[in-house]
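Trainee: Attaching a single structure in structure tokens format; questions to follow.
The values are calculated or read from the model by the stated rules, or taken from the named source; none is laboratory data. What you see is a predicted model; the values in this text were computed from it and never measured. Cβ placement follows ideal geometry from the backbone for every residue including glycine, while neighbour counts extend to all protein chains displayed.
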Amino acid sequence: MHLNSALAIASIAWKNVARKIFRNFVLALAVSLLVTLLVFALLFTKAVREDIDAAAMRLGADIVIVPPEAKSMADEFILESLVKTFYMDEKVFKTLVTLPDIADGTYQIYLHTLDSGCCSIDEGQVIAIDPATDFIVTPWIQGNKNLNAGEVFVGSYVYEYLGLIATAKLFGSGVDIVGHLEETGTGLDRGIFMRVEDLGKISKESMGSYTPGKISIIFLKVREGADVDQVVAKIRDINPRIGIMTRGSIGADVRNTLRDILRVFSITITISSVLAILLAWSTFTAMANERQREVGILRAIGARRHHIVQMFLGEAFIISFIGGLIGTALGHGLILYLADDFNLLTRLGAHSVLSPENILLSALSMFSGIAVCLTGALAPVMRLARMEPLLAIKEE
């Protein structure tokens, strides 16, 4: 009995929605725009945070040491693959790697870009590594992980455009490209990796601002059971002038910018929600005024107040549900369309699959839009349902 009643109310609600298709479409459009904003904001935030966290995890280091003035530049290289060069004294590494809580340590030296015999890699970062201590690059190498004199590895981006050719030149000297990295989603993808021992073969003119005894960045792994924050505190006691980043603090500037973007999203979504509520209130107030006689007749032949409320809120649900579906599709389409305009979202396709979390976020956005519409419709619907049947029939 209850099922038949619910189906009858749903059928009546659908017919009423179809009667005023244009007016209801405007309300559905308002809901869809709100849901589009919600889906875009949630997926954008999730994508950026995952990108930062994934980049930090893929480096394989607990602590990253850079010159104090280079923290933002190191972030840009790690997260956005922007070419950077900065240096500090190699003695810093020799001091820190001997600390009792440090399990492993390695360093890298950032130089200039690669000029090959067939083409130019405009944004390739030449990076000198110590193969004996490295745990950042070699885990990503496919095949042979040994690096001998005159040989280099290349990142996935460089490999895609250069390939394993025999004519590559590094600082005017021929080199053998013997391996490439899998895609890491970090600045390593644009790297060309040579041995530190081969730096002595490069002319001073080609070295640019680099001088022997300098390094660019230090990667440290703490021993199992050691507290990273305590290790960081010890490092600051030893050398308070160096720049220190941990996995949680990598991308700090980007995280701060993201918080500002979220505030803008929050304000925009709040304004959109208020406008959607007002539009729903206006739409259902007009409906209530137009259909007082209809409601009075329904009440007179036995319909209860809750039947009237269910019928009108059913209409609001149908309108907002359609708007929610449209908004969900638009939100996903918008973030895919804009992905190439955000440096951190160039791999957004990996974040746009139908994962359980993305489905949950989309459903949350859609039902938030539905709730906003129902909230706006509730007041005029309740007023209409409380009217006496005779009074409702008399008033047109």
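Trainee: Which residues, counting only those in the stretch 137-154, are within 29 Å of the chain's Cα centre (by Cα), surrounded by 15 or more Cβ atoms within 10 Å (Cβ to Cβ) and not polar (S, T, N, Q)?
Mentor: Result: VAL137, TRP140, ILE141, VAL154.
Trainee: Now a separate question. Out of curiosity, is ASP89 in contact with a Lys or Arg (Cβ under 8 Å, 6 or more places away or on another chain), surrounded by fewer than 15 Cβ atoms within 10 Å (Cβ to Cβ) and either at pLDDT 90 or above or not aromatic (Phe, Trp, Tyr) (or both)?
Mentor: Against the criterion (in contact with a Lys or Arg (Cβ under 8 Å, 6 or more places away or on another chain), surrounded by fewer than 15 Cβ atoms within 10 Å (Cβ to Cβ) and either at pLDDT 90 or above or not aromatic (Phe, Trp, Tyr) (or both)), ASP89 qualifies.
Trainee: Moving on. Go through the stretch 180-197 residue by residue and tally those that are assigned to a helix (DSSP H, G or I) and closer than 21 Å to THR133 by Cβ.
Mentor: Counting residues in the stretch 180-197 that are assigned to a helix (DSSP H, G or I) and closer than 21 Å to THR133 by Cβ gives 4.
Trainee: In addition: Does the stretch 282-300 include one or more residues that are touching a Ser or Thr at 6+ places or on another chain (Cβ under 8 Å), in a helix (DSSP H, G or I) and surrounded by 15 or more Cβ atoms within 10 Å (Cβ to Cβ)?
Mentor: No; the residues of the stretch 282-300 include none that is touching a Ser or Thr at 6+ places or on another chain (Cβ under 8 Å), in a helix (DSSP H, G or I) and surrounded by 15 or more Cβ atoms within 10 Å (Cβ to Cβ).
Trainee: In the stretch 178-194, what residues are more than 19 Å from ILE109 (Cα to Cα) and touching a strand residue (DSSP E or B) at 6+ places or on another chain (Cβ under 9 Å)?
Mentor: VAL178, GLY179, GLU182
Trainee: Then there's this: Could you check ILE244 against (1) assigned to a helix (DSSP H, G or I); (2) surrounded by 13 or more Cβ atoms within 10 Å (Cβ to Cβ) and say which number it fails?
Mentor: (1)
Trainee: Test ILE261 against the stated conditions and say whether it is in a helix (DSSP H, G or I), within 24 Å of the chain's Cα centre (by Cα) and either under 19 Å from PHE321 (Cα atoms) or modelled with pLDDT of 85 or more (or both).
Mentor: no
Trainee: Got a sec? Which of ALA13, ALA18, ALA41 is touching a residue at least 60 places away in the same chain (Cβ under 8 Å), among the small types (Gly, Ala, Ser) and either out of contact with any Gly (no Cβ under 6 Å at 6 or more places or on another chain) or assigned to a loop (DSSP other than H, G, I, E, B) (or both)?
Mentor: ALA41
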